[in-house]
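Asks: Before I ask anything, let me first share the structure, which is written out below as structure tokens.
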Amino acid sequence: MDLEEKNIAAGFVEETKVEEGFFILKFQNEDKFPANISREIDSSYMQFHFCVKGKGKFLFNNSNYELSLEVEKSLLLYNPQRDLPINLELQPKSWLISLVISIKKFHSLFSQEAGYIPFLSKENSDKKYYKDADISPSMAIVLNQLMNFNLMPSIKSLYFKAKAYELLSLFFNRTEDANMEQCPFLSDEENVLKIRKAKDIIINRMAEPPSLNELSLEIGLSLKKLKDGFKQIYGDSVYSFLFDYKMEFARKLLDSGEYNVNEVGLKVGYSTASHFIAAFRKKFGTTPKKYIMSIPATN
């Protein structure tokens, strides 16, 4: 494996070698269209995938089988019996971070934990193991530190190595939820949970969203922490994120064929059709009416 930094279609890929047999891969798609990214990875490696923003899906067996990965979700892939090349379809405005570590390296780290980590036990050592899970608040902090690295280039290797091991530790942390009061990331975790609450609020009330001041009061976070935290976790400002969400939601409503343009505009918070049409054109480069006309007819 030797990727360094490359642009593949619209997908940006960066690889950082943590040490022998251990890599961090960063995938970004800032385009308006899905990006397909492929990487050869043989059966001697296991993979940890974390969706930081947007969503993607992994395709296997010539695209006959797929595993989706939504925002704030992780996916562990382990199959010592066959190669598992990365064949990733990354949706627009999506970020994903992967840890790829050799099975030999991984076993050396956790050999004493075989009774706790299911696929490390002797009876499962030769079996495939797939697992999806939520990304915890403390993991989200590390992932965004990796994604938004802006320190001196000379310390990047050391910084990424520390964060890679921190991320692995948090992934297998057995007591994080049970002993929150003992967690050294408590204040950051609380803030991340508040930011996620803010995201849920604006989505649930997208037709009439609260102002930033109202939102900060409702979640109990200062305006500055709300703005900075939201940008760090979701890669965008509150209202820019909401705009993208509303337009995608509007597009799906138009796809359904159950609503006209005016009804869809009202559902996503536009009191006049002209404002909705202008917003839709800004996002997709066409009007809602032309978009509807482009949808293939179904029998």
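Asks: Which residue, of S74, S68, S44, S63, is small (G, A, S) and modelled with pLDDT under 85?
Replies: On the way: S74 fails: modelled with pLDDT under 85; S68 fails: modelled with pLDDT under 85; S44 fails: modelled with pLDDT under 85.
Result of the check over S74, S68, S44, S63: S63.
Asks: I've got another one for you. In this structure, does L75 turn out to be under 20 Å from M139 (Cβ atoms), assigned to a strand (DSSP E or B) and in contact with a helix residue (DSSP H, G or I) (Cβ under 8 Å, 6 or more places away or on another chain)?
Replies: Values: under 20 Å from M139 (Cβ atoms): yes; assigned to a strand (DSSP E or B): yes; in contact with a helix residue (DSSP H, G or I) (Cβ under 8 Å, 6 or more places away or on another chain): no.
In short, no.
One line per residue, one yes/no per condition, for (1) closer than 24 Å to P210 by Cβ; (2) assigned to a helix (DSSP H, G or I):
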| position | (1), (2) |
| --- | --- |
| F249 | yes, yes |
| D255 | no, yes |
| Y259 | no, no |
| N262 | no, yes |
| Y270 | yes, no |
| F276 | yes, yes |
| A279 | yes, yes |
| Y291 | no, yes |
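Asks: Return the pairs, sorted by first residue and then second, in which the second residue is part of a strand (DSSP E or B) and open to solvent by 20 Å² or more (accessible area, probe 1.4 Å), the first residue lies in segment 13-24 and is more than 14 Å from M46 (Cβ to Cβ) and without any contact (Cβ under 8 Å) to a residue 24 or more places away in the chain, the beta carbons are less than 9 Å apart, and the residues are 6+ apart or on different chains.
Replies: Pairs found: E14/E5; E14/K6; E14/Q28; E15/E5; E15/K6; E15/R39.
Asks: Residues in segment 21-38: is at least one at pLDDT below 90, within 19 Å of the chain's Cα centre (by Cα), on the phi < 0 side of the Ramachandran plot and among the hydroxyl-bearing types (S, T, Y)?
Replies: yes
Asks: Just checking, which of G235, G229 is open to solvent by less than 20 Å² (accessible area, probe 1.4 Å), at positive phi and not hydrophobic (A, V, I, L, M, F, W, C)?
Replies: Criteria check complete, one pass: G235.
Asks: Ok, one more. Taking the stated definitions as given, is I219 surrounded by 17 or more Cβ atoms within 10 Å (Cβ to Cβ) and modelled with pLDDT of 90 or more? Reasoning before the result, please.
Replies: Working: surrounded by 17 or more Cβ atoms within 10 Å (Cβ to Cβ): yes; modelled with pLDDT of 90 or more: yes.
So I219 passes the test.
Asks: Please list, ordered by first then second residue, the pairs with beta carbon atoms under 7 Å, 6 or more apart or interchain, first in segment 239-257 and in contact (Cβ under 8 Å) with a residue 12 or more places away in the chain, second part of a helix (DSSP H, G or I) and of a type in the set (D, E, K, R).
Replies: Close Cβ pairs satisfying both conditions: M247/K283; L253/K267.
The values are calculated or read from the model by the stated rules, or taken from the named source; none is laboratory data. Just so it is clear, the structure is predicted and the values come from calculations on it, not from any experiment. We place every Cβ from the backbone using ideal geometry, glycine too, and count neighbours over all the protein chains shown. When the accessible area is computed, the model is the full protein with side chains, heavy atoms only, and any ligands, DNA or RNA have been set aside. Shrake-Rupley method; radii C 1.70, N 1.55, O 1.52, S 1.80 Å.
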